[in-house]
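Below is the structure I would like to discuss, written out as structure tokens.
The values are calculated or read from the model by the stated rules, or taken from the named source; none is laboratory data. This one's a predicted model, so the numbers in the text were calculated from it and none came from an experiment. We place every Cβ from the backbone using ideal geometry, glycine too, and count neighbours over all the protein chains shown. Just so you know, the surface numbers come from the protein's heavy atoms only, side chains and all, with ligands and any DNA or RNA stripped out. Shrake-Rupley method; radii C 1.70, N 1.55, O 1.52, S 1.80 Å.
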Amino acid sequence: VSQALQTIVEQIPPDKTFVVFPEGAMLNYLSRRVNPTKYISFMPPELIMFEQRNILAALREHPPDYVIRVPRGLREYGHSSFTDYAPQLADWIETNYSPEQIIGQSRRMQSNRIQTYSIYLRRRIDQ
């Protein structure tokens, strides 16, 4: 988290916005950068509660300048990835944001295996 926060502060100007997928509003708070939507989590329960189409409409109406994709285990929800349960959001990100930077590379144990993961910073294409 500290490396991600440092990169955000260095790479994202204070007047620019970002959203963290599938969750990570703490990064907005700690970096003092705004999320331009009312949605702060994009986990399966929130997508069920608020509906993916409503979230997508809010993102289209107020697109963040940057998006950050963080790795998140989703086993407890019966999903393997963000793309698995939020295909429309994942496609919108892929279509509208270009890769800017990979933040760190960490390892964690999952299912008795060591997995390597990174945080991905992407910038809106129309900027």
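Suppose we filter the range 39-89 for residues that are among the hydrophobic types (A, V, I, L, M, F, W, C) and either free of Cβ contacts under 8 Å to residues at least 12 places away in the same chain or open to solvent by 60 Å² or more (accessible area, probe 1.4 Å) (or both); how many remain?
Final tally of qualifying residues: 5.
I've got another one for you. List the residue pairs whose Cβ atoms are under 6 Å apart, where the first residue sits in the range 10-33 and is open to solvent by 20 Å² or more (accessible area, probe 1.4 Å), the second is among the aromatic types (Phe, Trp, Tyr), and the two are 6 or more positions apart or on different chains.
Hits for this filter: 33/18.
Touching a Leu at 6+ places or on another chain (Cβ under 7 Å) and not charged (D, E, K, R): does that describe residue 30?
Answer is yes for this residue.
Quick check on my filter: what residues within the range 30-84 are of a type in the set (Phe, Trp, Tyr) and assigned to a helix (DSSP H, G or I)?
Passing the criteria: 50, 77, 82.
Still on this structure, please answer the following. Filter the range 56-85 down to the residues that are under 12 Å from the mean Cα position of the chain (by Cα) and among the aliphatic types (A, V, I, L, M), then identify the one that is farthest from residue 23 (Cα to Cα).
Within the range 56-85, the match that is farthest from residue 23 (Cα to Cα) is 67.
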